[in-house]
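J.: Supplied in C-alpha cells, the structure appears directly below.
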Amino acid sequence: MTEMTYRQALNETLRAELKRDDNVYLIGEEIGVFEGSYKITAGLLKEFGPRRVVDTPIAEEGFTGVAIGSAMLGLRPVIEIMTINFSLIAIDQIVNHAAKMRAMFGGEVSVPIVIRTPGGGGQQLAATHSQNLEVWYAHIPGLKVVAPSNPADAKALLTAAIRDDDPVLFLENLGLYNLKGDVPEGEHVGEIGRAAVVRQGTDLTVISYSRGVVTSLEVAEQFASRGVSIEVVDLRSLRPLDRETFCASVRKTSRAVIFEDDLLSYGIGAEIAATLGEGVFDWLDAPVRRVAAAEVPLPYAKPLELAAMPDADALTKVINETLAASAFKPGSTGGVTNG
Amino acid sequence: MTDTKRPTRAKGTVKQSTESAELLREFYEQMVLIREFELRAGEMYARAKIGGYCHLNLGEEATVVGLTAALRPTDYLYTTYRDHGYALARGMDPGAVMAELFGKETGVVGGRGGSMHMFDLAKRMMGGYGIVGGQIPPATGAAFAIQYRSKAGKDSEAVMCMLGDGTTNIGAFHESLNLAGLWNLPIVYVIMNNRLGMGTSVEHASAEPDLYKRGSAYRIEGVRVNGDDPIEVRDAALAALETARVKRRPSIVEAMSYRLKGHSVVDPARYRSKEDVELAQENDPVPAFRAKMLKQKVLDEKAVDAIHAKVDAIVDKAVEFADSSPDPSVSELFERIYATPVPNMPHSYPGDPVVVLS
Ligand SMILES: Cc1ncc(C[n+]2csc(CCOP(=O)(O)OP(=O)(O)O)c2C)c(N)n1
Ligand SMILES: [Mg+2]
C-alpha cells in the first residue's frame with residue numbers, strides 16, 4: 001500500500017496502462033502541454049510523447065467521435081472531457097454512437113473507450129459548470145458508468161475501465177482530487193458493476209457514490225459517537241447498478257437514506273428508492289428518504305450555492321428524522337418488525 | 001482584407017489621428033478603467049472575496065474599447081466568459097459589476113451568475129457565456145430576430161458576437177456562420193485572437209490559423225486588425241456593423257492581441273515561454289496608447305495622472321459598494337427561474353420531504 005491522492009492514483013494508473021498497451025492513448029483538451037485542467041495528466045506528454053497524449057482543439061463532439069472511430073479499429077482511447085458539463089457537446093457521439101454500435105451492428109464491433117470527466121458543484125462555478133449529469137449516462141443501455149469515491153477504487157476502476165471492451169464513463173469530482181488514501185501497489189483491477197459496503201452498521205444504511213460517500217462516512221462517524229450504527233454503501237458503479245448489495249444492506253438495517261449530489265427528481269436516488277421499495281418493502285421500518293440537490297440552476301453566490309447543495313447537515317437531519325419515524329432508540333437492533 | 005501573418009503594433013509609424021482629443025482621452029480613460037478594475041478583481045480573488053472562475057481582459061483593453069465604441073446603444077452584444085471589460089465599456093455600473101463578482105444581491109444579475117455571466121438587458125449586453133461557443137448560436141438568433149422584424153438600412157440594429165481564437169474550432173461556430181451566411185443575418189463575429197486558448201496556441205489548434213479567413217467556406221468576409229489599437233479596431237467594427245445594417249451580411253473581424261496573464265486568475269501560465277510573455281508585455285496596449293497620446297500631445301502627464309486618480313476612485317468605490325452590499329437571500333433560491341408559474345414548481349431544499357399529504 002502507498003498513500004496517495006485521488007489525483008495521483010489516476011495519474012499513475014494512466015501511466016501504467018500507457019506502458020502496458022500501445023493501443024491505449026489519451027486524448028482531450030489541454031491534457032498535454034497544459035498537463036490537464038486539473039493536472040491529472042501531469043508529466044504524461046513528456047514521458048509518452050504526442051502520439052500517445054493527444055492535445056485537441058476545443059471540439060468535444062469532434063474529438064470524442066474521433067476516439068470512438070479509432071476504437072472501432074481496436075485502439076483504446078482514454079478521453080478527458082474537461083468537465084462533465086462539456087460532455088453535452090459530445091453527447092450525440094456518446095449516446096447515439098458509442099452506446100449503440102455494438103448492439104445495432106449485431107455484436108460485430110465494440111467501442112472500448114473511457115471518458116474521464118469530473119462533475120459536481122460547490123466551487124462557485126455557477127449553473128453551467130456545476131452539474132451532475134451522470135444520471136443522463138447511467139440511463140443509457142450500452143454504456144457503463146463508474147464513480148469511484150476513493151484513491152484505491154479510482155485505480156481499480158480506471159484500470160478495469162481501460163481494459164473493458166465497452167464505452168465506460170468514468171466520473172470524477174473536483175472535490176475528490178486531493179483526497180488521500182491507501183492504494184495497493186502493482187496490478188489492482190476492480191470489477192465494474194459491484195457496490196461495496198464501506199462501513200459496517202446495523203441501524204440505518206446510507207447509500208451514496210463519488211464525493212457523497214466521503215460525507216456519508218463522516219456523518220456515520222458522528223452518529224457512532226451517539227451510539228447509532230450506520231452502514232454506508234458506496235455504489236461505485238451506476239450502470240450496471242448492484243441492486244443486491246444495497247438491498248441486502250437495508251434488509252439488515254431496515255432503514256435507508258440516499259445521499260447524492262445529483263438533482264432530486266429522476267435522479268440516481270430515485271432509482272435506488274424504487275429498487276428498495278420493490279426489493280425490501282417488508283423489511284423497511286421507515287420511509288426511504290433522499291438527500292439531493294435543490295432543483296435550481298446552481299447559483300454563483302456562496303450562500304445560495306450552499307443552500308442548494310446537499311451537505312452533512314442535511315444528511316444528519318434526514319437520518320435523525322428517519323430514526324425518529326421508526327421510534328429508534330440507540331442500542332436496539334434494526335429489522336425486527338416484519339421479517 | 002489584410003493578409004499579414006503576424007501583424008504587430010504599428011511601431012514607430014504613429015499616424016496623426018484625426019479623432020477628437022476628447023474621444024481619445026475617453027478611450028484612454030476606459031482602457032485604464034478596465035485595466036485597474038481587472039487588477040483589483042485579481043486582488044479580490046486572492047483575498048477570497050471572489051470565487052469560482054475569473055477570467056480577466058488584461059491585455060485586451062484596446063479591443064474592448066474599440067469594439068464597444070463602434071456599437072450603438074440599440075445594438076446587441078454577446079460575449080465570452082472574459083466579459084468584465086465589455087460590461088464596463090457598455091456602460092454598466094462598475095459597482096454592480098464588482099458586486100456580481102462578490103456574489104452580492106446588488107450585482108448585475110443578483111449574484112446568480114458571477115464573473116462569467118454579466119448581463120444587462122437595458123444596455124443590450126446580452127451576456128457573458130461560460131460554455132465555449134455557447135454564445136454564438138444565440139447571438140446569431142438575435143440577428144435572426146432583427147432580420148425577422150425590421151428592414152435593412154442605416155438605422156437598423158445589429159449584433160456583435162465575441163469569441164476567442166480557440167473557440168473558432170467548435171462546431172457551434174461553423175454551424176452559426178453557415179446559417180448567418182445563408183440567411184443574410186446582421187451580425188459581426190469578432191474573434192479576439194489573444195494567441196492562446198488556455199495553454200494551446202492558435203497554430204496548434206486551428207488548421208487555418210489565419211482566423212479571419214475561417215468564414216470563407218461560408219462566403220463571409222473577414223478582416224484582421226491590430227487589436228492593440230482601439231481606433232483601428234473601432235473602424236473595422238464600424239465598417240462591419242454598417243455591412244450588417246445596410247447589406248444584412250455577416251462578417252468577421254479578427255483582433256490580434258496578447259493575453260497578458262494566465263487563462264484565469266489561478267493559472268500561473270508556466271507553459272508560456274519567456275519570449276512569449278515578453279512579447280505580450282511589449283505589446284501591452286495601455287502603456288502603448290498612453291505613450292502615443294503623450295507624443296501626440298493629446299494628453300500630458302498631468303492629464304494622465306488625473307485620469308488614473310479618477311479611475312482609482314471609481315474602482316475603490318466599486319469595491320466598497322460590493323463589499324458592503326448584502327448577500328442574496330437564501331429564501332429566494334427558487335425565484336427568477338421560471339417565467340410562467342405553474343403548480344408544483346420545485347421548492348424543496350436538500351433533505352426536505354418530497355411530499356406531505358394534507
Ligand atoms: C465546451 C467547452 N469546452 C471547454 C471549456 C473550457 N474552456 C474554457 S475557456 C477555454 C479556452 C478558450 O480559448 P479562447 O476561445 O481562445 O478564449 P480566451 O480564453 O483566450 O479568451 C476552454 C477550453 C468550456 N468552457 N466549454
Ligand atoms: Mg484565446
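J.: Would you report the distance distribution of C-alpha pairs in the protein assembly as shown as whole percents per 10 angstrom bin, up to the bin with the largest distance?
T.: So the P(r) values, bin by bin, are 3, 14, 22, 24, 19, 11, 5, 2, 0, 0.
J.: Calculated from DSSP H runs of 4 or more alone, at -39500 (n - 2.57) each and per residue, what is the 222 nm mean residue ellipticity of chain B, nearest 500?
T.: That comes out to -12000 deg cm²/dmol.
J.: Taking the Cα centre of segment A:2-183 as origin, work out the dipole magnitude from +1 charges on Lys and Arg Cβ and -1 charges on Asp and Glu Cβ, in debye rounded to 20.
T.: For this selection, approximately 240 debye.
J.: So which of B:K274/B:K297; A:K144/A:K302; A:K100/A:K180; B:K261/B:K317 end up more than 32 Å apart, counting from Cα to Cα?
T.: Those over the limit are B:K274/B:K297; A:K144/A:K302; A:K100/A:K180.
J.: Kirkwood Rh over Cα pairs of segment B:188-307 into Stokes-Einstein at 4 °C, 1.567 mPa s: D in µm²/s?
T.: Rounded, D is 79 µm²/s.
J.: Another question, if that's okay. Given all pairs of different Cα atoms, what value in angstroms does the Kirkwood hydrodynamic radius of segment B:21-332 take?
T.: It is 19.6 Å.
J.: On to the next question. Using a Förster distance of 60 Å, how high is the FRET efficiency between B:D235 and A:L73, based on the Cβ-Cβ distance and rounded to 0.05?
T.: 0.70
J.: Give the relative contact order (percent, whole number) for segment B:21-332; include only Cα pairs under 8 Å separated by 6+ residues.
T.: 24
J.: Ok, one more. For segment B:239-347, max minus min Cα coordinate along each principal axis, in Å, sorted largest first?
T.: 66, 47, 37
J.: I need the P(r) histogram for segment A:2-183: all alpha carbon pairs, bin width 10 Å from 0 out to the longest distance, whole percents.
T.: P(r) over segment A:2-183, rounded to whole percents: 10, 41, 39, 10, 0.
J.: Now for a separate question. Determine the relative contact order of chain A: mean sequence separation of Cα pairs under 8 Å and six or more apart, normalised by residue count, in whole percent.
T.: Relative contact order for chain A comes out at 15 percent.
J.: If you don't mind, another one. Under 20 °C and 1.002 mPa s, how fast does segment A:196-325 diffuse according to Stokes-Einstein, given a Kirkwood radius computed over C-alpha pairs? Answer in µm²/s, whole number.
T.: Once the numbers are plugged in, D ends up at 147 µm²/s.
J.: While we're here: Please report how far the C-alpha centroid of segment B:264-310 lies from that of segment B:16-76, rounded to the nearest whole angstrom.
T.: 12
J.: Another question, then. Once the Cα gyration tensor of chain A is found, what semi-axes does its equivalent ellipsoid get, as square roots of 5 times the eigenvalues, in whole Å, sorted largest first?
T.: Gyration-tensor ellipsoid for chain A: 36, 20, 19 Å.
J.: Could I ask something else about it? What is the set of long-range amide H partners of A:R199 at a cut-off below 5 Å, with H atoms built 1.01 Å from backbone N?
T.: Correct list: A:V232.
J.: In terms of modelled amide H atoms, which long-range or inter-chain residues lie less than 5 Å from the amide H of A:L238?
T.: Excluding prolines and chain starts, which carry no amide H, the hits are A:V145, A:V146, A:A147.
J.: What are the aspartates and glutamates whose alpha-carbon lies under 13 Å from the alpha-carbon of B:K123, with same-chain residues fewer than 8 places away excluded?
T.: The qualifying aspartates and glutamates are B:D75, B:D93.
J.: For segment B:119-240, what is the per residue volume of the convex hull drawn over the alpha-carbon atoms, in cubic angstrom?
T.: Hull volume over Cα atoms, normalised by residue count, gives 117 Å³.
J.: May I pose another question? Work out the FRET efficiency for A:N178 and B:Y148 from their Cβ-Cβ distance, taking R0 = 41 Å, and round it to the nearest 0.05.
T.: Once the sixth-power term is evaluated, E becomes 0.20.
J.: Moving to a separate point now. From the backbone phi of segment B:248-262, what are the Karplus-calculated ³J(HN,Hα) couplings (6.51 cos²θ - 1.76 cosθ + 1.60, θ = phi - 60°) in whole Hz, Gly and Pro given as x?
T.: 6, 10, x, 8, 10, 10, 9, 9, 8, 8, 9, 7, 6, 10, x
J.: Starting from the Cα of B:V356, step 7 Å along the direction of its Cβ; do the same at A:M104; then give the gap between the two resulting points in nm.
T.: Between B:V356 and A:M104, the label points sit 4.8 nm apart.
J.: Compute, for the protein assembly as shown, the length of the dipole vector about the Cα centre, with Cβ point charges of +1 (Lys, Arg) and -1 (Asp, Glu) only. Units Debye, rounded to 20.
T.: Computed about the Cα centre, the dipole is about 1160 debye.
J.: Remind me, relative contact order of segment A:2-183 in percent, using alpha carbon pairs under 8 angstrom and six or more residues apart?
T.: This gives 27 percent for segment A:2-183.
None of the figures in this text is laboratory data; all of them are computed from the coordinates on show. Keep in mind that what you see is a predicted model, and the values were worked out from it rather than measured. Note that each Cβ is placed from the backbone with ideal geometry, even for glycine, and that neighbours are counted across all protein chains shown.
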